[in-house]
Amino acid sequence: MTFAPAPIPSRTQYVLEAIKHAILTAQLRPGQALVETELAAQFGVSKTPVREALKTLAGTGLVVMSQYKGVTVRLVDATMAREVYDVRLLLEPEALRRSINRKASLEAAQEALERADLAEDTADRSLANRDFHRALYLPCGNPLLSRMLDEVRDQAALVSTVAWSAVPSWEREAAEHREILRLALADDAEAAAGALHHHIASFVRRAFPDDEDGGGTA
C-alpha cells in the first residue's frame, strides 16, 4: 500500500511561501536570524506554522538550523554555489535535450521569458527566471529527473539573488535565455543543450571570480 504525503496546512504553506519569497528576493539576507516569535507576530499566526515552515525550508537548503545559533538564512559562498550548480550542469542540459526531442510545448518558457523582460524589479525578474528554467526541464518525460532539479531550484535561486546583488548581470543572462529558447524552438536539441550548459557554467565563474575550479549557473 502506498501513502501519499500529508498536505501542508494552509497557514504553514502561507508562512512557508512568504519566507521563501523574502529570502529569494533578498528581503531576508544570508546569515540573517529567523526568530519564530517575530515571524509569528509578523504573519499573525502562532509559532507552530512558523516552526513547521522553517523545518521545510531547512529541508530545501534555504535556511540552516543550529542548536546554538537558532535558524538563519543560508550563507552563500563559492563552495555552496559550485555544489548546487554542478548538479544543474549534470542534469539540466540533458533534461532540456529530452524535452526538445519529445516535441514538448515550451510555451511556459516563452511566457516566463516575457515576464522577465517586463519585470520592474529584481524580485520579479528572479522569480520569472526560475520559472523559465523549470519550464525547460519539466516536460522532459522523466518525473524523477524533474524532481531532482526541483530539489536544487531554490538553492540555485538563492545563489543568483546573492550574485545579482554584487554583480547585476541579468541583461547578459536574459540574452542567453533568448538564445537557448530560440534553439529549442528550432528543435536543435544539441545546440540548445550546449547553450544551456554554457549559460550555467559561466554564471558562477562571473559571480565568484576567485573560485578557480568552480562551475556555475544562472
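Averaged over residues, the count of other Cβ atoms within 10 Å places the peptides 176-185, 30-39 in the sequence 176-185, 30-39, highest first.
Give the cross-link partners of Lys47 among the lysines, using a straight C-alpha distance below 25 Å as the criterion and excluding same-chain residues fewer than 8 apart. Lys47 reaches Lys20, Lys55, Lys69. Net length available on complete extension from Gln42 to Ser165 is 41.7 nm, with 0.36 nm assigned per residue and the Cα-Cα distance removed. The heavy atoms of Met65 offer some 100 square angstrom of accessible surface to a 1.4 angstrom probe. Rolling a 1.4 angstrom probe over the chain with all protein chains present gives an accessible area of which 53% lies on carbon and sulfur atoms. Placing pseudo-labels 7 Å out from each Cα toward the beta carbon at Ala191 and Lys55 gives an inter-label distance of 5.1 nm. Converting the Cα gyration tensor eigenvalues of the chain into ellipsoid dimensions via √(5λ) gives semi-axes, longest first, of 30, 21, 16 Å. Relative to the longest principal axis of the Cα atoms of the chain, helix 189-207 runs at roughly 50 degrees. Using the 1.4 Å probe convention, the accessible area of the chain works out to 52 Å² per residue with neighbouring protein chains retained.
Within the listed set Arg172, Arg98, Arg88, the residue fluctuating most in the Gaussian network model of the chain (springs between alpha-carbon atoms under 10 angstrom) is Arg172. Model label points for Arg29 and Glu83, set 7 angstrom from Cα along the Cα-to-Cβ axis, are 2.4 nm apart. Using a probe of 1.4 Å on the protein chains alone, the accessible area found for Val15 is around 0 Å². When nucleic acids and ligands are ignored and a 1.4 Å probe is applied, Lys55 ends up with an accessible area of around 110 Å².
For the chain, modelled as a GNM whose springs connect Cα atoms under 10 angstrom apart, the maximal fluctuation among Pro93, Pro143, Pro49 occurs at Pro143.
Amide H to amide H, with H built 1.01 Å from N, Asp188 comes under 5 Å of no residue 5 or more places away or on another chain. Once you reduce the range 100-158 and the range 164-187 to the center of their Cα atoms, the two points are 12 Å from each other. Here the Karplus curve 6.51 cos²θ - 1.76 cosθ + 1.60, taken at θ = phi - 60°, turns the phi angles of the range 49-63 into couplings of x, 5, 4, 5, 5, 5, 4, 5, 5, 5, x, 8, x, 7, 10 Hz, with x standing for Gly and Pro.
The values are calculated or read from the model by the stated rules, or taken from the named source; none is laboratory data. Since the model is a prediction, treat every value here as computed from it, not as a measurement. Here the Cβ is made from the backbone with ideal geometry for all residues, glycine too, and neighbour counts use every protein chain on show. Side chains are part of the model used for accessible areas, which takes the heavy atoms of the whole protein and leaves out ligands, DNA and RNA. Shrake-Rupley method; radii C 1.70, N 1.55, O 1.52, S 1.80 Å.
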